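Every number in this text was worked out from the coordinates using simple rules, so none of it is lab data. For clarity, every value in this text was computed on a predicted model and none was experimentally measured. Neighbour counts run over all protein chains shown; Cβ positions are idealised from the backbone, glycine included.
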Amino acid sequence: MEKVGVFIETKDKEMKMSILGVITGVRGEGFELYAFVLDGNAESYKDSLQEYGINKVVDLSADSPTAEYDPEVYAKAIVDACKGLDIKIIAGVNSAIGKDILPRVAAELNAACILDCVSVNLAEKTVVKSNYSGKTIAKVRLSGEYFVYGIRPNAITAEPAPVTAEVIAHKAPVQDEGRLVIKEVKAGTSKGVDLTEAEIIISGGRAMGSKDNYKILFDCAEVLGAAVGASRASVDADYAPQSIQVGQTGKTVSPNIYIACGISGAIQHLAGMKTSKVIVAINKDPDAPIFTKCDYGIVGDLFKIVPELTEALKR
Amino acid sequence: MPTTSELMKFAAPMLEMAQTVVEAKGEELKLCYQCGTCTSVCPWGNLKDFNPRKLIEMIRLGFEGFEDDSWKCVNCKLCWDKCPNQINIPQIFQSVRSILLAWNACPPELNIALTSLRDEGNPWQESKEKRDEWTKDFPVPAYEQGTEYLLFSCCTNDYDPRNKKDIKAVVEILNMAKVNYGYIGNKEVCCGDIALSAGENEGYGMLSNKNLEIFRELAVKKILTISPHCLNAFKNRYEFNEGEEVQSSHLVQTYAKLIEDKVLEPKGEIKNKVTYHDPCYLGRHNDIYDEPRFIINSIPGIEFVEMNNIRENSFCCGGGGGGCWLETVKGERLGDLRVLEAVETGAEVIITACPYCVQMLEASILGLGIDEKIKVRTVSELLLSSLKNEEL
Ligand SMILES: Cc1cc2nc3c(=O)[nH]c(=O)nc-3n(C[C@H](O)[C@H](O)[C@H](O)COP(=O)(O)OP(=O)(O)OC[C@H]3O[C@@H](n4cnc5c(N)ncnc54)[C@H](O)[C@@H]3O)c2cc1C
Ligand code: SF4
Ligand code: SF4
């Protein structure tokens, strides 16, 4: 039996479901599957993992804490487990984290490493990779002692193949050497209603003046059940995240109602929202181009009008 | 350990790539001797790791990894002018783009503009029936057979609220000078420059043929352009038939002549410190450097200062080659560097003569949050302010 180690990506005590496709892709006759769980919750993932053919769930820990993702500690712990358990094949999802961790593991093991595979054949030691944005397909054969595979998320459809798994503990004598310190993890997407699916959007421009001032838009959005958007100039000024930029190079939206607050109406902004059913503009400059594209225009100070609107809607 | 040649075999899955690029009008690819001059002069080098020399070599060897970077080139022509072999490097990228387009591997935001070009004849996703909307309350003479100049307005001037101000200034000046010109309104379609630079050869062919048809139908002899991109398309790219003598010129040339002949006498003082940004398509692509400076210097009261990178060495705003439709993350925008260079001269106004430059530079000014310090005006806006004795 050859052993295969699968790195299980987790976040907030939940397993990334895309790993099930990877497990489906690497299991097969003659292979015994080990799942590496580092966040301390091995037991809670066992049911799902055995459902897809994992034989051993390795509750992997190190001298340093592993509850939070730390690429250095994680990679070294995985390497230690591979050596201790005699595992020579390692697979994972080719996600941002997978791309971070798998090459580190490969480097430590001096393994043949191949990322972004769309399928793997462990017996043949071959993988299929697509190149040139999917126009050519390459079949690549690997040689060596250790093998590391990053498999493209959702490239392989997950299919159950139930077995009974056992949880085993492995403690790696790995210390955090402090070479890498994670100071902050910033969430990428905005909270609340998804912009492209929202029926109502209230957007703020550079006139918002600060990140904090966006609060009046979020307050109004909450009452309206709306999503909040932004112009590029306000994104550039760090008042709002890029993920909510509306426009030519941001999101294209087409809600029932679009409320533009303190947005001048540059052509690139209009490109992203002009197909909205009803456009409302609030701007203190009566000559702002946004007024040529709107159904309802309010000339005035948004800091007065928006809170008043929120209050009126509450009533 | 694998040998180098084994590695090359592994990493070069598509040696046909070079041949495909050559067939797509990129034959000059073969002439490159990898000196690296292009990389050292390319404006992107100031902001990020962008290496035309390496990309050329990757394409020749069929290495992967040139695809995304091939959309970065803004067709500023600096490398082409400096290359010891005079290789048309932007053309190589255009050829690569045409192949990427056929693979559906075009950046989505650019794709939207290209689709709009096909459907509506303009890249701004606006209706073709609304091109002349700005003339409803602002009469512009219509072009008829026998009119001396056809004023080719440019999509960006017809649709962009900011640049509509510029075209209105153009019209006022031409009227004051009693130039015999006319506008064809909704019959105009995009000159096709961005389709061409995006490698969308089919779209370009369609657009250029439509314009050529109209020029022929109306027996046009002289075309007056506002955008240097239209000028370049007509002068250097359009395939006019032999014997068809169509002269294309840029407005700044007309203005300079009118001032020289004293038909236009800018008398109003403009008490601003200004600098001039040479649009790549007006300067390097078409050698027009002196006229705009002559016009600026003819304005009484003005203080004109030059930036460091001017004329043949002008620094691109980032809008050419499809750049106006592509997002560039903050901190990596060419326009930001250009605006900061202008600020350094102490100028309060950047004068320029291209609608894309106006858009890019203004967006950079807003992005940098320095709109209290500096603004952008066109040569036409400057000239009109002086002619009407108004503030710039
Ligand atoms: C390649 C490229 C791509 C771009 N893509 C996008 C894009 O996807 N999306 C986008 O939005 N932009 C985009 N832009 C930028 C665009 O050109 C504009 O710079 C930007 O949209 C301006 O944002 P704004 O309207 O918030 O700022 P401004 O133009 O500064 O407008 C602020 C407005 O607020 C008004 N105002 C000020 N104070 C108040 C107040 N108290 N109450 C009410 N009104 C007030 C002012 O009158 C003014 O009209 C792009 C530009 C380029 C070059
Ligand atoms: S400057 Fe010309 S010859 Fe030199 S590397 Fe660039 S393309 Fe090749
Ligand atoms: S044309 Fe300009 S942007 Fe393009 S590669 Fe050459 S120097 Fe760089």
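What is the percent of Cα-Cα separations in chain B that go past 41 Å? Write out the running numbers ahead of the final one.
Details: 11057 of 76636 pairs.
Percentage above 41 Å: 14.
Distance in nm between label sites at residue B:137 and residue A:175, each 7 Å beyond Cα in the beta-carbon direction?
7.6 nm
Identify all aspartates and glutamates with a Cα-Cα distance to residue B:82 below 16 Å; exclude those on the same chain that are fewer than 8 residues away in sequence.
B:28, B:287, B:312
About the Cα centre of region A:1-158, what is the dipole size in debye to 20, counting +1 per Lys and Arg Cβ and -1 per Asp and Glu Cβ, all else neutral?
Dipole about the Cα centre, nearest 20: 800 debye.
What is the Cα centroid distance between region B:185-221 and region A:7-54, reported in whole angstrom?
So the two Cα centres are separated by 58 Å.
Hey, rough spin-label estimate for residue B:61 and residue B:237, points 7 angstrom out along Cα→Cβ, what's it come to in nanometres?
For residue B:61 paired with residue B:237, the spin-label model returns 3.2 nm.
Evaluate the charge dipole of region B:150-219 about its Cα centre and quote only its size in Debye, nearest 20, assuming +1 on the Cβ of each Lys and Arg and -1 on the Cβ of each Asp and Glu.
Computed about the Cα centre, the dipole is about 340 debye.
May I have the extent of the alpha carbons of the protein assembly as shown along their three principal axes, as whole Å values ordered from largest to smallest?
Here the spans come out as 93, 72, 45 Å, largest first.
Pairwise over distinct Cα atoms, reciprocal of the mean inverse distance: report the Kirkwood radius of region A:195-314 in Å, one decimal place.
On the way: mean 1/r = 0.0736 Å⁻¹.
So the Kirkwood estimate lands at 13.6 Å.
Which percent, to the nearest 5, of DSSP beta bridges fully inside chain A are antiparallel?
20 percent
Can you give the translational diffusion coefficient of region B:204-348 in µm²/s, computed by Stokes-Einstein from the Kirkwood radius over Cα pairs at 37 °C and 0.692 mPa s?
So the translational diffusion coefficient is about 188 µm²/s.
With a cap of 12 neighbouring Cβ atoms within 10 Å, and only residues DSSP puts in a loop, list the trypsin sites (Lys or Arg not before Pro) found in region A:204-290. The partial results should precede the final answer.
Working: sites: A:206, A:211, A:215, A:232, A:251, A:274, A:277, A:284; in loops: A:211, A:274, A:277, A:284.
Here the trypsin sites (Lys or Arg not before Pro) that fit, given the DSSP loop and packing criteria, are A:277.
Provide the net charge surrounding residue B:194, with neighbours chosen by a C-beta distance below 13 Å and charges set as Lys +1, Arg +1, Asp -1, Glu -1.
Once all neighbours under 13 Å are counted, the net charge is 0.
Out of B:99, B:114, B:185, whose Cα points farthest toward the positive end of the dipole of region B:84-201 (charges: +1 Lys, Arg; -1 Asp, Glu; placed on Cβ)?
Sorting the options by dipole projection puts first B:99.
If each DSSP helix of 4+ residues adds -39,500 (n - 2.57) and the sum is divided by the residues in chain B, what number results at 222 nm, nearest 500 deg cm²/dmol?
On the way: 17 runs with 161 residues, N = 392.
Here the helix-only value at 222 nm equals -12000 deg cm²/dmol.
Net charge within 13 Å of residue A:39 by Cβ-Cβ distance, Lys/Arg positive one each and Asp/Glu negative one each, not counting residue A:39 itself?
Summing Lys and Arg as +1 and Asp and Glu as -1 gives -4.
Got a sec? Charge dipole of region B:120-265, +1 on Cβ for Lys and Arg, -1 for Asp and Glu; which of B:256, B:226, B:196 is way out at the positive end?
Of the candidates, B:256 comes out farthest on the positive side.
To the nearest Å, what is the center-to-center distance of region B:281-312 and region B:313-379, using C-alpha atoms only?
16 Å
Using the crude model of +1 on Lys and Arg Cβ and -1 on Asp and Glu Cβ, and no other charge, please compute the dipole size for region B:114-256 relative to its Cα centre, in debye to 20.
That gives a dipole near 380 debye.
Take every DSSP beta bridge whose two residues both sit in the protein assembly as shown, then give the antiparallel share in percent to the nearest 5.
About 15 percent, rounded to the nearest 5.
Measure nothing fancy, just the Cα-based angle from helix A:215-224's long axis to the longest principal axis of chain A, in degrees from 0 to 90, nearest 10.
Roughly 90 degrees between the two axes.
Tell me whether region B:114-256 comes out rounded, prolate or oblate; compute the Cα gyration tensor, take square roots of the eigenvalues as a ≥ b ≥ c, and use a/c under 1.5 as the rounded threshold.
It is oblate, given that a/c is not under 1.5 and a/b is not larger than b/c.
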